[in-house]
1. Does residue 66 satisfy the condition of being modelled with pLDDT of 95 or more and open to solvent by less than 60 Å² (accessible area, probe 1.4 Å)?
2. Name the pairs whose Cβ atoms lie under 8 Å apart, with the first residue in segment 126-140 and within 14 Å of residue 157 (Cβ to Cβ), the second outside any strand (DSSP E or B) and open to solvent by 60 Å² or more (accessible area, probe 1.4 Å), and 6 or more positions between them or separate chains?
3. Any idea which of (1) in a strand (DSSP E or B); (2) open to solvent by 50 Å² or more (accessible area, probe 1.4 Å); (3) not aromatic (Phe, Trp, Tyr) is the one residue 71 doesn't satisfy?
4. How about segment 1-57: which of its residues are touching a Pro at 6+ places or on another chain (Cβ under 9 Å) and assigned to a helix (DSSP H, G or I)?
5. Residues in segment 78-102 that are of a type in the set (A, V, I, L, M, F, W, C), under 14 Å from residue 178 (Cβ atoms) and either in contact with a Leu (Cβ under 9 Å, 6 or more places away or on another chain) or open to solvent by 10 Å² or more (accessible area, probe 1.4 Å) (or both): how many?
6. Would you be able to tell me the number of residues in segment 131-159 that are surrounded by fewer than 17 Cβ atoms within 10 Å (Cβ to Cβ) and under 14 Å from the mean Cα position of the chain (by Cα)?
7. From the list 20, 42, pick out the single residue that is more than 29 Å from residue 177 (Cβ to Cβ) and in contact (Cβ under 8 Å) with a residue 12 or more places away in the chain.
Amino acid sequence: VEDAPVELPAGATILDLFDEVVRRDGGGIAFVDGDRRITFAEFFAQANTISASLLAAGVVKGDRVAVLSQNNPEWCLTFWATVNIGAVLVGLNGWWTTDEILYGLEDSGAKVLVVDSKRFTRITTEVNNIDTLERVYLVDVDPGESGSTSAKVHAFSELLASSDGPAPDPTVELDEGDHAVIFYTPGTTGRPKGAI
């Protein structure tokens, strides 16, 4: 992006930021992951598609969407797609044990989980026991290869599937005071606390 900082008016939302960055440098490379290159325009188009898929799956403003994964474009896409529709992204610690992951999912009330296979192995047998969790999207492995037989488990690629071409910007009304993320504090003397 150009050297000048992105300046937005008071009351601007994440969609205003999307528009400004794409306008300024849509063809610039936003992410490099191995041989993958994703431009800003491609990134925001994919985020819009994921937003539309989350809305179609029943995620509404204020719902929690958790991510438990190593750093990758899918983590970032999930972040933008979630806050793009007024849902709240829950960043879970990738080093957590099974008990800690289950606590974070239940405490946050996560409706959706995006997870990589390494971390999914810690909770594979527990997915059906988390009442609020409706869908799990696996980033890097096919659900059939995950060891889970749960109907909740899907491939992340389903979130990117769109038969109608690029999704438009979401029409969810956002306010600058809406909650965006929950990250858990270190639990040095007890359970971690979800900080909004």
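1. Details: modelled with pLDDT of 95 or more: yes; open to solvent by less than 60 Å² (accessible area, probe 1.4 Å): yes.
For residue 66, the condition - modelled with pLDDT of 95 or more and open to solvent by less than 60 Å² (accessible area, probe 1.4 Å) - is met.
2. 137/158
3. Exception for residue 71: condition (1).
4. 15, 16, 43, 45, 46, 48, 49, 51, 52, 55
5. Going residue by residue through segment 78-102, those that are of a type in the set (A, V, I, L, M, F, W, C) are 79-81, 83, 85, 87-90, 92, 95-96, 101-102.
Restricting the remaining residues to those that are under 14 Å from residue 178 (Cβ atoms) gives 83, 85, 87-89.
Filter once more, keeping what is either in contact with a Leu (Cβ under 9 Å, 6 or more places away or on another chain) or open to solvent by 10 Å² or more (accessible area, probe 1.4 Å) (or both): 83, 85, 87.
The total comes to 3.
6. 2
7. Working: 20 fails: more than 29 Å from residue 177 (Cβ to Cβ).
So the residue among 20, 42 that is more than 29 Å from residue 177 (Cβ to Cβ) and in contact (Cβ under 8 Å) with a residue 12 or more places away in the chain is 42.
Here's the yes/no breakdown for (1) closer than 30 Å to residue 120 by Cβ; (2) open to solvent by less than 20 Å² (accessible area, probe 1.4 Å):
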| site | (1), (2) |
| --- | --- |
| 14 | yes, no |
| 21 | no, yes |
| 24 | no, no |
| 33 | yes, no |
| 41 | no, no |
| 57 | yes, no |
| 76 | yes, no |
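The values are calculated or read from the model by the stated rules, or taken from the named source; none is laboratory data. Just so it is clear, the structure is predicted and the values come from calculations on it, not from any experiment. Cβ sites come from the backbone with ideal geometry, for glycine too, and all protein chains shown count toward neighbours. Side chains included, ligands, DNA and RNA excluded: accessible areas come from the protein's heavy atoms. Shrake-Rupley method; radii C 1.70, N 1.55, O 1.52, S 1.80 Å.
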